[in-house]
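Peer 1: To start, I am sharing the structure in question, which I have written as structure tokens.
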Amino acid sequence: QVQLKESGGGSVQAGGSLRLSCAASGRTFTRYAMGWFRQAPGKEREFVATISRSGGSTIYADSVKGRFTISRDNAKNTVYLQMNSLKPEDTAVYYCAASAMFAGASKRDYDYWGQGTQVTVSS
């Protein structure tokens, strides 16, 4: 089992920045690729970014490419999502997830999920 806890959400104006953190506990963190997803009200949960076990490979959704950066600190068992140039359409609950297989863009690739943290971007 892996327990995941997100933090760092909040309210920000358009153009602002936030950094989300996801702390993992339980099994060895380096066994898992990590991902971030988000879900806006009335919409499906969608892929945001993913990072490989070593941190050497990342994939981003087109909607956040160039604005968001995913990273991980394996010594701290933590994955981050730096979000810059935020837009109102980035408003959602953001979830981190752990995959024992590979860093994919599908929800089905992930085995464990956090409870989520709210990000609200006002215009």
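The values are calculated or read from the model by the stated rules, or taken from the named source; none is laboratory data. The shown structure was predicted, so the numbers you read here are calculated from the model rather than taken from an experiment. When we count neighbours, we look across all protein chains shown, and the Cβ atoms used for this are built from the backbone with ideal geometry, even at glycine. With ligands, DNA and RNA removed, areas are computed over all heavy atoms of the protein, side chains included. Shrake-Rupley method; radii C 1.70, N 1.55, O 1.52, S 1.80 Å.
Peer 1: Per residue, what volume in Å³ does the convex hull of the Cα atoms of the chain enclose?
Peer 2: Details: hull volume 10.9 nm³, N = 123.
Value for the chain: 89 Å³ per residue.
Peer 1: Distance from a point 7 Å along Cα→Cβ of ASN74 to each backbone N in segment 8-25: keep the residues under 19 Å and list them by number.
Peer 2: 22-25
Peer 1: Would you tell me the accessible area of SER25, worked out with a 1.4 angstrom probe on the heavy atoms of the protein chains, in Å² to the nearest 10?
Peer 2: 60 Å²
Peer 1: Can you work out the Karplus-derived ³J(HN,Hα) for every residue in segment 56-61? Use 6.51 cos²θ - 1.76 cosθ + 1.60 with θ = phi - 60°, whole Hz, and x for glycine or proline.
Peer 2: Rounded to whole hertz, the list is x, 9, 9, 9, 10, 5.
Peer 1: Set Lys and Arg Cβ to +1 and Asp and Glu Cβ to -1, take the dipole of the chain about its Cα centre, and tell me which of SER63, PRO88, ALA33 lies farthest positive.
Peer 2: Looking along the dipole axis, the top candidate is ALA33.
Peer 1: In what sequence, largest accessible area first, do VAL119, VAL12 appear using a 1.4 Å probe? Let's see the in-between values first.
Peer 2: Details: VAL119 0, VAL12 25 Å².
Most to least solvent-accessible, the answer reads VAL12, VAL119.
Peer 1: Still on this structure: If each residue of separation counts as 0.36 nm, what is the full-extension length gain between ARG27 and SER54 once their alpha-carbon separation is subtracted?
Peer 2: Numbers: separation 27, 0.36 × 27 = 9.72 nm, distance 1.58 nm.
My answer for the length gained is 8.1 nm.
Peer 1: Any idea of the accessible area per residue across segment 1-98, 1.4 Å probe, to the nearest Å²?
Peer 2: 48 Å²
Peer 1: When the accessible area of the chain is split by element with a 1.4 Å probe, what percent falls to carbon and sulfur?
Peer 2: Details: 2850 of 6200 Å².
The value for the chain is 46 percent carbon and sulfur by accessible area.
Peer 1: Quick one: which residues, 5 or more positions from LEU86 or on another chain, have an amide H under 5 Å from its amide H? H modelled 1.01 Å from N in the peptide plane, none for Pro or chain starts.
Peer 2: It is GLY15, GLY16, by chain and number.
Peer 1: For the chain, with only Lys/Arg (+1) and Asp/Glu (-1) charged at the beta-carbon, what is the dipole magnitude about the Cα centre, in debye rounded to 20? Mind dumping the intermediate values first?
Peer 2: Numbers: 15 positive and 9 negative charges, 49 e Å.
Result for the chain is approximately 240 debye, rounded to the nearest 20.
Peer 1: Quick one: what are the phi-derived ³J(HN,Hα) couplings along segment 107-123, Karplus 6.51/-1.76/1.60 with θ = phi - 60°, whole Hz, x for glycine and proline?
Peer 2: 4, 5, 6, 10, 9, 10, 9, x, 7, x, 9, 7, 10, 10, 10, 9, 8
Peer 1: Also: Between ASN84 and SER11, what FRET efficiency follows from the Cβ-Cβ distance if R0 is 25 Å, with the result rounded to 0.05?
Peer 2: Details: r = 16 Å, r/R0 = 0.64.
Calculated transfer efficiency: 0.95.
Peer 1: May I pose another question? Students often forget the sequence filter, so: which aspartates and glutamates lie under 18 Å Cα-Cα from LYS107 once same-chain residues fewer than 8 apart are removed?
Peer 2: GLU6, GLU44, GLU46, ASP62
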